[in-house]
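Enquirer: The structure is given below, and queries will be raised subsequently.
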Amino acid sequence: MKRHTTTFLKSISLIQRNTNRYFDNMLGEYQIGSGQQFFLLRIFEHNGITMYELAQTGGYDKGTVTKAVQKLVEQGYVECTMDPIDKRVRHLHVTPDGMPVVERIYDIRDQWKEQLIHVFGEMEEEKIVALLEMMAEASCIALKEIGVKKG
């Protein structure tokens with residue numbers, strides 16, 4: 001059986017690595033990178049989210065979330081508040097110092113998206129986004145069916 005050396009998975013991997021490099025470069029002045037930007041936006045978009053909920057939104061393990069959040073807290077972009085009922089639970093909030101970073105991330109994300117999709121027409125863009133969303137969902141279902149846990 002003949003195997004192809006180039007697959008769409010290679011292209012997805014290259015896009016992801018280049019995206020991380022782009023975010024790392026563009027966010028360097030804030031001392032955060034591609035890893036923390038996802039978490040900062042989720043905290044902003046879901047004010048008061050818990051670490052557990054944050055892990056669930058991206059299928060991350062607790063250690064990854066803890067490390068990313070600690071970095072954001074150290075930078076002064078996020079604060080943790082104790083739940084009034086369950087003292088073990090911490091709620092996450094973007095600080096006023098974190099708001100300019102959030103705005104910058106949205107701008108960077110829009111710029112990068114434009115760099116990637118400028119080669120498509122509007123209909124092609126909508127189609128590729130829909131197809132990628134379908135592939136992402138299929139990957140989650142496939143892992144669930146074979147018993148692979150998140151994170």
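Enquirer: Give the residue list of trypsin sites (Lys or Arg not before Pro) in segment 1-53 that are DSSP loop and have at most 11 other beta-carbon atoms within 10 angstrom.
Expert: Hits after loop and neighbour filter: Lys2, Arg3.
Enquirer: Suppose accessible area is computed on protein heavy atoms with a 1.4 Å probe; arrange Tyr52, Tyr22, Tyr60 from highest to lowest.
Expert: Tyr52, Tyr60, Tyr22
Enquirer: Here is a further query. Percent of Cα-Cα pairs more than 17 Å apart in segment 78-117, please.
Expert: 53
Enquirer: Please work out the average accessible area per residue across the chain, using the 1.4 Å probe convention, and give it in Å².
Expert: On a per-residue basis, the chain sits at 72 Å².
Enquirer: Looking at the square roots a ≥ b ≥ c of the eigenvalues of the Cα gyration tensor of segment 20-63, which shape do they give, rounded for a/c under 1.5, prolate if a/b is larger than b/c, or oblate?
Expert: It comes out prolate by the Cα gyration axes.
Enquirer: What pairs from Lys2/Lys144; Lys62/Lys144; Lys10/Lys113; Lys67/Lys149; Lys127/Lys149 go past 27 Å between their alpha carbons?
Expert: Checking Cα-Cα distances, Lys2/Lys144; Lys127/Lys149 exceed 27 Å.
Enquirer: Treating the angle as unsigned and between 0 and 90°, give the value, to the nearest 10°, between the Cα long axis of helix 62-74 and the longest Cα principal axis of the chain.
Expert: That helix lies at roughly 60 degrees to the long axis.
Enquirer: While we're on this one: Counting only C-alpha contacts under 8 Å and six or more residues apart, can you give the relative contact order of segment 1-129 as a whole percent?
Expert: 21
Enquirer: Could you look at segment 1-125 and say what percent of its accessible area is carbon and sulfur, using a 1.4 Å probe and all protein chains?
Expert: Heavy-atom surface of segment 1-125 belonging to carbon and sulfur, 1.4 Å probe: 54 percent.
Enquirer: Give the shape of the chain as rounded, prolate or oblate, defined through the alpha-carbon gyration tensor: a ≥ b ≥ c are the square roots of its eigenvalues, a/c under 1.5 means rounded, and otherwise the shape is prolate if a/b is larger than b/c and oblate if not.
Expert: Cα axes put the chain in the oblate bin.
Enquirer: Then there's this: Using a 1.4 Å probe on the protein heavy atoms only, what accessible surface does Ser11 show? Give it in Å² to the nearest 10.
Expert: Its heavy atoms expose roughly 60 Å² to the probe.
Enquirer: Moving on. For the pair Val89 and Gln70, how long in nm is the line joining their label points, each one 7 Å along Cα→Cβ?
Expert: The two pseudo-label positions are separated by 2.4 nm.
Enquirer: Quick check: with the 1.4 Å probe, what order do Lys144, Lys127 take by accessible area, largest first?
Expert: Lys144, Lys127
Enquirer: If you take the charge dipole of the chain about its Cα centre, with +1 on Lys and Arg Cβ and -1 on Asp and Glu Cβ, which of Ser34, Ser13, Val89 is farthest toward its positive end?
Expert: About the Cα centre, the residue reaching furthest to the positive side is Ser13.
The values are calculated or read from the model by the stated rules, or taken from the named source; none is laboratory data. All values reported here derive from a predicted model rather than from experimental measurement. Ideal geometry is used to build each Cβ from the backbone, glycine not excepted, and the neighbour counts take in all protein chains shown. Areas reflect the complete protein model, heavy atoms only, side chains present, ligands, DNA and RNA absent. Shrake-Rupley method; radii C 1.70, N 1.55, O 1.52, S 1.80 Å.
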